[in-house]
Structure formats: C-alpha cells, structure tokens
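No value in this document is a laboratory result; all are computed from the given coordinates. Not measured: the values here are computed from a predicted model. Note that each Cβ is placed from the backbone with ideal geometry, even for glycine, and that neighbours are counted across all protein chains shown.
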Amino acid sequence: MSVSSARSTATEPAQRLLKVGGITPFTATDFPGKLAAVVFAQGCAWRCGYCHNPHLQPRPHKSPLQWSRVLGLLRKRVGLIDGVVFSGGEPTLDPGLGEAMRDVRKLGFEVGLHTGGAYPRQLEEVLPLVDWVGIDVKAPFDEYESVTGVSDSGAPARASLAAVLASGVKYEVRTTAHPTLLPEDRIEQLARELAGMGVANYALQVFRSQGCKDRTLNATAMAGYPRAELEHKLSLLFPQFTLRRA
C-alpha cells in the first residue's frame, strides 16, 4: 500500500500533518491509569474480519479532520486530561505521526499508542516519544493472513512486538478472541509463543459485534467462549493477564 505524505494547507505550516479520521475528547479506558483523549489516524492496510473501525481503513487524499483543529481542541483539554492516545486505523502508517506526538508533548501531555504492528521501522522511530503502547497481536504469527487478509503480515507484527519489548516502554499485548477466526487451540498456541518472547502483560479481549461489520456470531455462538480452562492456562503463563468480555 503506497502512502503519500500529508500535504500542507494554506492555513497550516509546511510539515507532515497527521490525517485524522476522528477524535474522542475524553476516555478513562484507553490509556491505563490516565484520563486521555484519543486521536484516530485515518488509514490501515489490513482488513481484519472483526475490525470495529472499518471507516478508518481508507487512506484519503485529504485529512477528514485538520490537525490544527485537533490541536485546538487538545489545548482546551490541558489540565483536564493526562495524555493523548494515537489510535486508528493504523497510526504508524502515517508519516506525520512523530510530529503529531511532538506537538502533544509540547502541550504537556503523555503519549499513548495503539498499533497492530504492521510497520516495525516506523514504530521504532516513534517509540522514544511514547509513554505506553497497546499492541494488538492477531494470531500465531504464521497464521496472520487468516485474520488480516494480507499475506506475510505476521513477520512485521512479530518484529514490531520485539521492538516494543526491547524498548522498555510500558505496554500491553492484546488479542481479540473470535471463535471463528481464532479457535481456543490457536489462542493457547499464540499465548505460549508470546510468553516465550518474554511478554509479561497480556490481555484477551472477547469479540463484540458492536461497530463491526461481522454480524455472523450470535449470543449462542459466543456462550462459554473462551472456556474457563483456557483462561486458567493463560493466567499461569503471564505475570499480568486480563480477560475482557463485552
């Protein structure tokens, strides 16, 4: 997927400007222990079957929301929130991410990042600007295409996770548990692979259909998934383990 640099406008400085698809001005759940705003970067090369933000997947020529407007809103939040989380889409796809992070740090905010790890080099470049990262690991790395729809997507995801673990930045590794895309035996396989890489903080997030195009699963299909036995096995693998249900 080719990515062109965001172009400046007559009212904004000539710099790489983040393409923003939306903003949540207040959240207490997206940055652990912090009150934060969430900035949603526009664009993602992957097409995960359970994606809750499919409207953020396209990468338009112009930003749906100008970065100058976002900064104006964030200035009004100084003293009210602790940090800003960059989410998506896939924020590391955007060449303006680093400058956007510097902008919010100048306002005194801490920086959080949500990423799927599709672009390890870009992720490594911005990690020094990040206080906390939530990295989504979709499946066992040799089976990534079954979730992302993109061949060879497991290799960059693994490299991104390795970069996060080596960086010393606070993190959470999380996986969406979907009974069709990720059966329980695959979850256990993935968990053991992650533990072997040194992951200490892992969260399993049970799929929910709200905001997702995938409406094929009903309450009956989700009942009892994942089983308590699997939850127990995973709790023994990680010093910090969380199971999140809808």
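The table that follows gives values for the structure above.
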quantity	calculated
Residue-wise HN-Hα coupling along the range 231-245, computed from phi with Karplus coefficients 6.51, -1.76, 1.60 (Hz; x: Gly, Pro)	4, 5, 4, 5, 5, 7, 8, 10, x, 10, 10, 10, 10, 10, 9
Estimated distance in nm for a label pair at Arg208 and Ser235, the labels positioned 7 Å out from Cα along Cα-to-Cβ	2.2 nm
Angle between the chain longest axis and helix 154-167 axis [Cα atoms, degrees, rounded to 10]	70 degrees
Charge sum, other residues only, whose C-beta stays under 12 Å from Leu243's C-beta, Lys/Arg counted +1 and Asp/Glu -1	+4
Relative contact order of the chain, pairs being alpha-carbon contacts under 8 Å that are 6 or more residues apart, as %	16 percent
Straight-distance crosslink candidates among lysines, where the alpha carbon sits under 26 Å from Lys106 and sequence neighbours closer than 8 are dropped	Lys19, Lys34, Lys62, Lys76, Lys170
Structure-based [θ]222 nm, the chain - -39500 (n - 2.57) summed over DSSP H runs of at least 4, per residue, nearest 500	-8500 deg cm²/dmol
Protection-proxy order for peptides 179-188, 89-98, 39-48, 137-146, each taking the mean of Cβ atoms within 10 Å per residue, highest first	89-98, 39-48, 137-146, 179-188
Positive-end residue of Val70, Leu234, Pro32, charge dipole of the range 20-244 with Cβ unit charges	Val70
Between helix 184-197 and the chain: long-axis angle, C-alpha atoms, 0 to 90°, nearest 10	60 degrees
Local net charge near Arg102, Cβ-Cβ under 14 Å (Lys/Arg +1, Asp/Glu -1)	-3
Net dipole in debye of the chain [+1 Lys, Arg Cβ; -1 Asp, Glu Cβ; about Cα centre; nearest 20]	880 debye
Correct option for volume of the Cα convex hull per residue in Å³ [calculated from the coordinates] among (1) 266; (2) 118; (3) 193	(2)
